[in-house]
Amino acid sequence: MREKIIQAIDVHGHFGKYIIKNGEAKLLAEFMTADAEEVARRACIANTKLTVVSSLQAISPQSEEDVLKANFDAEQIISKIDGLRLWVVVNPLKPETYEQAIELLKQPKCVGIKIHPERHNYLITEHGRAIFEFAAKHNVIISTHSGDKHSMPEDFVRFANDFPSVKLIFGHLGWCGDGNPDHQVRAIQSGRHSNMFVDTSSARSIIPNLIEWAVSEIGAERILYGTDTPVYFSPMQRARIDCADISNQDKKLILHDNAAKLLGITKDL
């Protein structure tokens, strides 16, 4: 089997205007900005049949953007573009985003919720239980940023253990502000219910042996393909999996099968 013939499912994408953080250059933000059509075009180059995105405006610092409007606009845009699905952004500091999520998740292209404790400036240790209670009640997947001080992977474990029906996807395999690349993997290993996963959407994934080490530690079944497009160039992220020193079966699990099972995709899109 040639790896490149596998049509991938990318579980970690974005679209819209990248909002500059402190110390970042305006030109860099322009490079990491792309509309939904461009994100879908790049996915095609990487033989990716489906990309699940969230609005970059919705995960901007709360003082800069209206999360409710950004989510609504995102659903309207994604509904018209083949090959894209939507994570609805929930900010627990704005309880009305929970109510909006209930409504938007009724739409056929909305597959779960996205949280970003760093950008929205809250601690998962303080708000995690409410988020997981919501996800359990409404039977939705959580996709989360992870690896920074507000969202350390180990801080999610107690909630994942208390809510076994909730599926949690850590973003950014290998990323952590303390420089240690094993936090997501160790958190998954400490779980009791096999309900935690990690995606590959990190610049750290280009480091030799990270992907291979993660497969050896937790199995390919717990790893999902993600690119963080348009922050990173999705064909480059795809090449990292295609060329990984793992079996073809493991590549197929990471690129497609795990996400298809998690998202309930039973036929070609």
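Quick notes on this structure:
- Considering Thr200, Thr229, the condition of being under 18 Å from Gln189 (Cβ atoms), within 16 Å of the chain's Cα centre (by Cα), touching a residue at least 24 places away in the same chain (Cβ under 8 Å) and crowded, with 20+ Cβ neighbours inside 10 Å is satisfied by Thr200 alone.
- Residue within the stretch 66-77 that is among the aromatic types (Phe, Trp, Tyr) and in a loop (DSSP other than H, G, I, E, B) present: no
- Only one entry in Thr97, Thr33 is in contact with a Phe, Trp or Tyr (Cβ under 9 Å, 6 or more places away or on another chain) and polar (S, T, N, Q), namely Thr33.
- Counting only helices (runs of 4 or more DSSP H) that sit completely within the stretch 107-169, those holding 3 or more residues that are at pLDDT 95 or above and surrounded by fewer than 21 Cβ atoms within 10 Å (Cβ to Cβ) correspond to 124-138, 157-162.
- Those residues of the stretch 69-80 which are in contact (Cβ under 8 Å) with a residue 24 or more places away in the chain and either under 13 Å from Cys110 (Cα atoms) or surrounded by fewer than 17 Cβ atoms within 10 Å (Cβ to Cβ) (or both), in sequence order: Asn71, Phe72, Ala74, Glu75, Ile77, Ile78, Ser79
- Candidates in the stretch 89-105 are the residues that are in contact (Cβ under 8 Å) with a residue 24 or more places away in the chain and outside any loop (DSSP other than H, G, I, E, B); of these, the one that is nearest to Ile265 (Cα to Cα) is Leu104.
- The single residue among Leu28, Leu50, Leu86 that is part of a helix (DSSP H, G or I) and not aromatic (Phe, Trp, Tyr) turns out to be Leu28.
- Residue within the stretch 51-59 that is in contact with a helix residue (DSSP H, G or I) (Cβ under 8 Å, 6 or more places away or on another chain), over 25 Å from Gln237 (Cβ atoms) and crowded, with 16+ Cβ neighbours inside 10 Å present: no
- When the residues of the stretch 5-31 are filtered to those that are loosely packed, with under 13 Cβ neighbours inside 10 Å and charged (D, E, K, R), the one that is modelled with the highest pLDDT is Glu30.
- Residues that are surrounded by fewer than 22 Cβ atoms within 10 Å (Cβ to Cβ) and either under 11 Å from the mean Cα position of the chain (by Cα) or part of a helix (DSSP H, G or I) (or both), drawn from the stretch 203-214: Ala203, Arg204, Ile206, Leu210, Glu212, Trp213
The values are calculated or read from the model by the stated rules, or taken from the named source; none is laboratory data. Being a predicted model, the structure only gives us computed values, none of them experimental. Glycine gets a Cβ as well: all are built from the backbone with ideal geometry, and neighbour counts include every protein chain shown.
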